[in-house]
Amino acid sequence: MRLTARTLFFIAILTLIPFIGLCDFHTKGEPREAVVALTMLDTGNWILPVNNGEEIAYKPPMFHWLVALASLPMGHVTEFTARIPSALAVIVTALATFLFFARRRGDTVGLLTALVLLTTFEVHRAAMACRVDMVLTMFIVLALYGMLSHVERGGKGVPWLALLCMSGGMLTKGPVAIVLPLLVAYVYYGLQHRPKGLAAWLRLTGQYAAFALLALVLPAVWYYAAWKQGGDGFLYLVYEENVLRFLGRMPYRSHEKGLYYYPLVLLGGLLPYTLLLFAPCFKGRTGNRFSFAHLWSRLKARVRRADAVEVASMLSVGLILLFYCIPKSKRSVYILPIYPFLSFFIALALLRLQRVRPAALKAFFWTLAGLTGTLVVMLTVVESGWLPANLLGEKLAPMVRAIAEGGGLDFMGNYALIAAMLIAIYCYYALRRLPEVVNDTLYTLLVLLMLLDAVVLPAALSAKSDKPYTAQILHDAQGEKVWTFVDDPDRMMHFFTLNFYADNSLGVFPERRVGAVGHATQLNHEAEPRAGLLLVGDKDRERFAALHPEYSLTLVSDYHHRSCDVKQDLQLWRFVRE
């Protein structure tokens, strides 16, 4: 087991870490989190720093602490240091997943489960992003493993490591990190040990209530310190994010989706493994083809004879999904904690296909190989200039030009591409302990992901970023303060990417409008400036002029770039109160 764990560790490290810093920030979510850590380092306020000129963070600070600590040796926050906590979180989660399932089902199942987890689309995307969700997932999954193991031991003693993970999770995003592990373990204990009588159930409930209180101790220290600093505005933010969001009563619309959302999300998030849904269409060794009736009967029989680890995994998936279906606010990253348990079932399916439907598994392998080959051909075409970028439309053309200029098969000087080639060789030999077709499939998938991470995505996604325009804007400002304006009544949208790359130096223009009463972001009460520079989108400029007719505006520069945050062309104007 130790050798297999070491192999998994090196595969995870080598296929993630070399590539996480290659993409510039190109969505508003990443710089919004990274700027919190940047402010912590600049101001020394590690409790409740103020970002974007007026805003306190919407999430507790564990993730931002980790980013700041990773950035300390360099003295500043970079794309690499901002994403390292997410990458390390998925590596820790994969190792814990291997250990949990290997002890119950053997090294092959444990290793395959961890590798499936690492290569699912949603988990891989979260591992490469500066967002709190992967760190939260790590804490929840580790707490789940600890609590499920505690139930297997008869529920005796205090699972201190699981409680510590719950505390870390609450300091990452909130009470959900305590609620979910305890909920799953409580139901699992009831199914496994079947307490008899009301008194037994009351003792069990009291025990889990005590666990929840113990897990709250460490977070309470930060919440108290943050309340002393942020006052009622901070308390309202906590109430809004944890109570109103769950009840669907947020003062603004926040990712509101219907019950259909998560099933569709899983189809995309589990790619490429959702292609295995077509496996019944292939003949098995006995010659039988697909039949809904046969499939349903086998599924019912499989559930009835499920062992303890399968029951625990089904409960984890079902209860977490049910919990997140309750609030109106739904996002794909919310259900990341179910992916290790779904990966376990996918691993079992792969091993079964190896035995009974090898043709289906070979078709899966050749599909991935075909995608990899197609990508190589496309890169060759783009690099050679045979495909005019203008034929692909306004949105795709800059990405294609960026790949042609900075990527492609001839870009061998790129250390990431060289690293990917060396890592691919290592993975080929490291995965030989798995069955042959499964080995070839996972190896091909890892090569495909590394090709995307090393060559395609850094060039294509960085082409969308506002980063190259930050220096130009600051140069045009010539040391003068730059104010920003975004037409958002709730004052939640800012130029996050530009502000991060400008070292949090952009000011938010003081607005007369306010959002919800008591909204915690209303921290800036500075009087409207008499004159200055205004960074604004081309459409929002008209709104600014309507709201502030007392200002005359003179165009300083039109950058002819669609901002990755506000989706408008960036413009810099000089304003003067008449």
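The values are calculated or read from the model by the stated rules, or taken from the named source; none is laboratory data. Small disclaimer: the values here were computed from a predicted structure and weren't measured. No Cβ is skipped: glycine too gets one built from the backbone with ideal geometry, and neighbour counts run over all protein chains shown. These area figures cover heavy atoms from the full protein model, side chains too; ligands, DNA and RNA do not enter into them. Shrake-Rupley method; radii C 1.70, N 1.55, O 1.52, S 1.80 Å.
Taking Phe10 as the residue in question, decide whether it is closer than 25 Å to Leu148 by Cβ and either part of a helix (DSSP H, G or I) or not polar (S, T, N, Q) (or both). I'd like the intermediate steps shown before the answer.
Values: closer than 25 Å to Leu148 by Cβ: no; either part of a helix (DSSP H, G or I) or not polar (S, T, N, Q) (or both): yes.
Judged against the criteria, Phe10 is not a match.
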(message) Checking Gly44 against (1) small (Gly, Ala, Ser); (2) open to solvent by 20 Å² or more (accessible area, probe 1.4 Å); (3) farther than 27 Å from Leu235 by Cβ: exactly one of these is not met. Which one?
(response) (3)
(message) Every residue in region 176-201 that is of a type outside the set (S, T, N, Q), touching a residue at least 40 places away in the same chain (Cβ under 8 Å) and open to solvent by 50 Å² or more (accessible area, probe 1.4 Å), please.
(response) Val179, Leu183, Leu191, His193
(request) Count, please, the residues in region 46-75 that happen to be of a type outside the set (Lys, Arg), part of a loop (DSSP other than H, G, I, E, B) and touching a residue at least 60 places away in the same chain (Cβ under 8 Å). (result) 8
(message) Under 6 Å between Cβ atoms, which residue pairs at least 6 apart in sequence (or on different chains) link something in region 566-578 that is at pLDDT below 90 and assigned to a strand (DSSP E or B) with a partner that is open to solvent by 30 Å² or more (accessible area, probe 1.4 Å) and among the basic types (Lys, Arg)?
(response) Arg577/Arg530
(message) As an exercise: evaluate Thr93 against (1) within 30 Å of Leu368 (Cα to Cα); (2) of a type outside the set (Lys, Arg); (3) crowded, with 24+ Cβ neighbours inside 10 Å; (4) more than 21 Å from the chain's Cα centre (by Cα) and give the number of the one condition it does not meet.
(response) (4)
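Does Val92 meet the test of being modelled with pLDDT of 95 or more and either of a type in the set (Asp, Glu) or farther than 23 Å from Arg432 by Cα (or both)? Spell out how you get there, then give the answer.
On the way: modelled with pLDDT of 95 or more: yes; either of a type in the set (Asp, Glu) or farther than 23 Å from Arg432 by Cα (or both): no.
No: the conditions fail for Val92.
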(message) If Leu112 satisfies all but one of (1) under 16 Å from Ala347 (Cα atoms); (2) at pLDDT 95 or above; (3) of a type outside the set (Lys, Arg), what's the number of the condition it fails?
(response) (2)
(request) Determine if region 364-380 includes at least one residue that is open to solvent by 20 Å² or more (accessible area, probe 1.4 Å), modelled with pLDDT of 85 or more and among the aliphatic types (A, V, I, L, M). (result) yes
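Condition first: outside any helix (DSSP H, G or I) and either under 14 Å from Leu266 (Cα atoms) or touching a Ser or Thr at 6+ places or on another chain (Cβ under 6 Å) (or both). Now tell me which residues in region 303-353 satisfy that. Steps first, answer last, please.
Taking region 303-353 first, the residues outside any helix (DSSP H, G or I) are 305-307, 326-331.
Selection gives Ser329, Lys330, Arg331.
Which of the residues spanning region 420-429 are aliphatic (A, V, I, L, M) and surrounded by fewer than 21 Cβ atoms within 10 Å (Cβ to Cβ)? Please lay out each step first, then the result.
Looking only at region 420-429, we keep the residues that are aliphatic (A, V, I, L, M), and these are 420-425.
Listed by number, the residues that qualify are Met421, Leu422, Ala424, Ile425.
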(message) Could you check region 15-56 and list, in sequence order, the residues that are out of contact with any Phe, Trp or Tyr (no Cβ under 9 Å at 6 or more places or on another chain) and within 20 Å of Tyr224 (Cβ to Cβ)?
(response) Gly44, Asn45, Pro49, Val50
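Let's see how each residue does on (1) open to solvent by 10 Å² or more (accessible area, probe 1.4 Å); (2) under 29 Å from Asp42 (Cβ atoms):
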{"site": "Thr81", "(1), (2)": "no, yes"}
{"site": "Ser86", "(1), (2)": "no, yes"}
{"site": "Leu99", "(1), (2)": "yes, no"}
{"site": "Arg104", "(1), (2)": "yes, no"}
{"site": "Thr113", "(1), (2)": "no, no"}
{"site": "Leu117", "(1), (2)": "no, no"}
{"site": "Phe121", "(1), (2)": "yes, no"}
(request) May I ask you to list the residues in region 96-130 that are aromatic (Phe, Trp, Tyr) and within 18 Å of the chain's Cα centre (by Cα)? (result) Phe121
(request) Quick one: count up the residues across region 147-175 that are within 20 Å of Trp201 (Cβ to Cβ), in a helix (DSSP H, G or I) and either hydrophobic (A, V, I, L, M, F, W, C) or open to solvent by 40 Å² or more (accessible area, probe 1.4 Å) (or both). (result) 4
(request) Return the total of residues in region 442-481 being crowded, with 19+ Cβ neighbours inside 10 Å and free of Cβ contacts under 8 Å to residues at least 12 places away in the same chain. (result) 0
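Identify, from the list Ala34, Ala57, Ala87, the residue that is in contact with a Leu (Cβ under 8 Å, 6 or more places away or on another chain), within 15 Å of Met128 (Cβ to Cβ) and not basic (Lys, Arg).
Numbers: Ala34 fails: in contact with a Leu (Cβ under 8 Å, 6 or more places away or on another chain); Ala57 fails: within 15 Å of Met128 (Cβ to Cβ).
Criteria check complete, one pass: Ala87.
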